[in-house]
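What follows draws every value from the coordinates through simple rules; no lab data is involved. A quick note: this is a predicted structure, and the numbers were derived from the prediction, not measured. With ideal geometry, Cβ positions are generated from the backbone for all residues, glycine too; neighbour counts draw on all protein chains shown.
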Amino acid sequence: MEEIAKPHELLAARRSTAELFRLLRAWFDVSDQVTLDLRAVDSAVEELGNPQLVIAMAMRKLQALHLLTTPGVRTTTDVVLTVIQDLERALLQAPNMHLKQAAAATDWDAALASLDESDGAEAEPAAQSSGLRADEIADFRRHHAALHEAARAVLHVSDGEIRTLR
């Protein structure tokens, strides 16, 4: 198998994996350790409906991608693309899932009362009470886009063939 250098975009995605990991941990309050129920093939049904576990599994994939984006760590193009693809659904849904959790946890009576008291100065009570800021969402989207750029660069440099990346 032909060996090629990792494209710059893949190496640059290393920072994005760390930032996405940090944001997901903060947004979903994921603990340092997560336990998976592996007693039976069906035991995951309930767990996979839990947003915190879904995000924890995405964070694990971010750890793997972080390793693969490390200079000098050998991997293959198909492995990189598979990990990025595995992350895609969770990363697409994460901001919306977090906003839904924040909305569910918001005391809307208090938030509406504070709007009355402040003459509308607090425009986004759910986002503000959850700590979610527009700049965090913009950062998240920018780092998520960096993973797409890395995938495109890997496809381009490999001409769509499976190659070893060094």
May I ask you to compute the full-extension gain from N96 to T35, defined as 0.36 nm times their residue separation minus their alpha-carbon distance, rounded to one decimal in nm?
19.5 nm
Using just the helices of the chain, give the 222 nm mean residue ellipticity in deg cm²/dmol: DSSP H runs with n ≥ 4 each add -39,500 (n - 2.57), and the total is spread over all residues, rounded to 500.
-23000 deg cm²/dmol
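Within a Cβ distance under 15 Å of V154, other residues only, what is the Lys/Arg minus Asp/Glu net charge?
Values: positive: K6, R14, R74, R152, R163, R166; negative: E2, E3, E9, D78, D86, E88, E149, D159, E161.
Cβ neighbours under 15 Å give a net charge of -3.
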Point-to-point label distance, L112-H8, nm (Cα→Cβ direction, 7 Å offset):
5.4 nm
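Would you mind counting up the charge near L53? Only other residues with Cβ under 12 Å from its Cβ, with Lys and Arg at +1 and Asp and Glu at -1.
On the way: positive: R60; negative: D37, E46, E47.
Result for the local shell: -2.
How big is the charge dipole of the stretch 3-165 about its Cα centre, in debye rounded to the nearest 20, if each Lys and Arg gets +1 on its Cβ and each Asp and Glu gets -1 on its Cβ?
With Lys and Arg at +1 and Asp and Glu at -1, about 940 debye.
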Computed label-point distance, nm, for sites L48 and A145 using a 7 Å Cα→Cβ extension:
3.2 nm
Exposure proxy order (Cβ contacts within 10 Å, fewest to most) of S16, S31, S114
S31, S114, S16
Got a sec? How would L147, L53, L115, L92 order by Cβ neighbour count within 10 Å, fewest to most?
L92, L115, L53, L147
Given points 7 Å out from each Cα along the Cα-Cβ axis, report the R89 to R152 separation in nanometres with one decimal.
2.5 nm
Long-range tail of P(r) for the stretch 10-61 (Cα pairs > 18 Å, %):
39 percent
Sequence-distant residues sharing a close amide H with T76 (under 5 Å, placed H)
L165
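Compute the Kirkwood hydrodynamic radius of the chain, taking the inverse of the mean of 1/r over all pairs of distinct Cα atoms, and give it in Å to one decimal. Numbers along the way, then the final one.
On the way: mean 1/r = 0.0562 Å⁻¹.
Averaging 1/r across every pair of different Cα atoms and inverting gives 17.8 Å.
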